[in-house]
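Below you'll find the structure, written out as structure tokens, and then a few comments.
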Amino acid sequence: SFGGVATEAMYASKSMGSNDFGDSAGVTDRKITKTAWLNSEIELGTFEAVNQKLKFIVTSTDSYLLNENVNIYDSGKKSYHSGSYTLKVDTKKYEVIVSQLKAIGEVTSFSDNAQDITERYVDIKTELEAEKERLKKFEQMYAEATNVADKIQLADRIFSQEKTVKYLEDALKNVDSQVDYSTISVTFTEKQSEYAYIAVTKFSQLINSLVDSFNSLLELVFMALPWAVGAALVWGAVWLVRRRR
């Protein structure tokens, strides 16, 4: 009764448009639907407490939890929780509930949308009234008919008309439910630890690093040795020449 996607889609394909059934411009009781999307970060290790707090808000405000999806990412010290929820809340309590949800954790993103569906509501209501009048005429014709074949044909038309009326009544209820209840999608994600990717180096790794450094030093010494010997010989020759002078 809250989703009504199929019902609305059926009506959208059948509706003749607002100009055929009425104009919503003069309607004072506007039909407004509200939808909000909220993402928040919470402290690592507090997910279970936040999960319980959200469900307390749902029950204490007589709201509905339509969907809950909780995941654990990574493992060990790197692991963190993330939970996504879809709520249906009384539109009269919409602002209060959004404020309560924002107070949980640190809000990283928030957006909401209000859509005026008054025209759609007026279209459905006007068509429903017209189809009900048509049903009454069929029922009157059936009561006045004396021919059996006519009665059978009218009975089929009445049955089909009753289905049409029922379908439009459901569509109207669906629009009312969208107005009476707003949708809030909220996601809580634990902050990852600042030390999540810091690990103590193993002793074997230290030994390997030391050996590698020593080998690199030996290579450097042996590479520089010929140059050092050459420089020493040149310096010695210069020293001998200077001494003889």
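The values are calculated or read from the model by the stated rules, or taken from the named source; none is laboratory data. The structure displayed is predicted, hence computed values, not measured ones. Glycine gets a Cβ as well: all are built from the backbone with ideal geometry, and neighbour counts include every protein chain shown. Side chains included, ligands, DNA and RNA excluded: accessible areas come from the protein's heavy atoms. Shrake-Rupley method; radii C 1.70, N 1.55, O 1.52, S 1.80 Å.
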Query - Selection within the range 74-115 - under 20 Å from residue 45 (Cβ atoms), over 18 Å from the mean Cα position of the chain (by Cα) and of a type outside the set (Asp, Glu) - result: 75, 76, 77, 78, 79, 80, 103
Query raised in the report: Which is touching a strand residue (DSSP E or B) at 6+ places or on another chain (Cβ under 9 Å), in a loop (DSSP other than H, G, I, E, B), on the phi < 0 side of the Ramachandran plot and at pLDDT below 95, of 72, 104?
Result: 104
Report summary line: Going through the range 31-89 in order, the residues found to be under 13 Å from residue 105 (Cβ atoms) and among the polar types (S, T, N, Q) are 39, 40, 46, 51, 82
Report summary line: Expected single match for open to solvent by 90 Å² or more (accessible area, probe 1.4 Å) and either of a type in the set (S, T, N, Q) or within 39 Å of the chain's Cα centre (by Cα) (or both) among 173, 191 is 173
Query raised in the report: So which residues in the range 75-86 are open to solvent by 60 Å² or more (accessible area, probe 1.4 Å) and either among the β-branched types (Val, Ile, Thr) or touching a residue at least 60 places away in the same chain (Cβ under 8 Å) (or both), if there are any at all?
Result: 77, 78
Query raised in the report: Since residue 59 meets every condition but one in (1) closer than 24 Å to residue 174 by Cα; (2) open to solvent by 20 Å² or more (accessible area, probe 1.4 Å); (3) touching a helix residue (DSSP H, G or I) at 6+ places or on another chain (Cβ under 6 Å), which condition does it not meet?
Result: (3)
Report summary line: Expected single match for open to solvent by less than 60 Å² (accessible area, probe 1.4 Å), farther than 30 Å from residue 157 by Cβ and assigned to a helix (DSSP H, G or I) among 122, 98, 89 is 98
Requested in this report: Return yes or no: is residue 166 assigned to a helix (DSSP H, G or I), exposed (fewer than 14 other Cβ atoms within 10 Å of the Cβ) and either of a type outside the set (Ser, Thr, Tyr) or modelled with pLDDT under 90 (or both)?
Outcome: yes
Report summary line: Subset of the range 101-119, residues surrounded by 14 or more Cβ atoms within 10 Å (Cβ to Cβ) and among the β-branched types (Val, Ile, Thr), comes to 104, 117, 118
Report summary line: Selection from the range 108-133 of residues at pLDDT 90 or above and of a type in the set (Lys, Arg) yields 125, 132
Requested in this report: Name every residue in the range 40-56 that is outside any helix (DSSP H, G or I) and open to solvent by 60 Å² or more (accessible area, probe 1.4 Å), in order of residue number.
Outcome: 41, 43, 44, 45
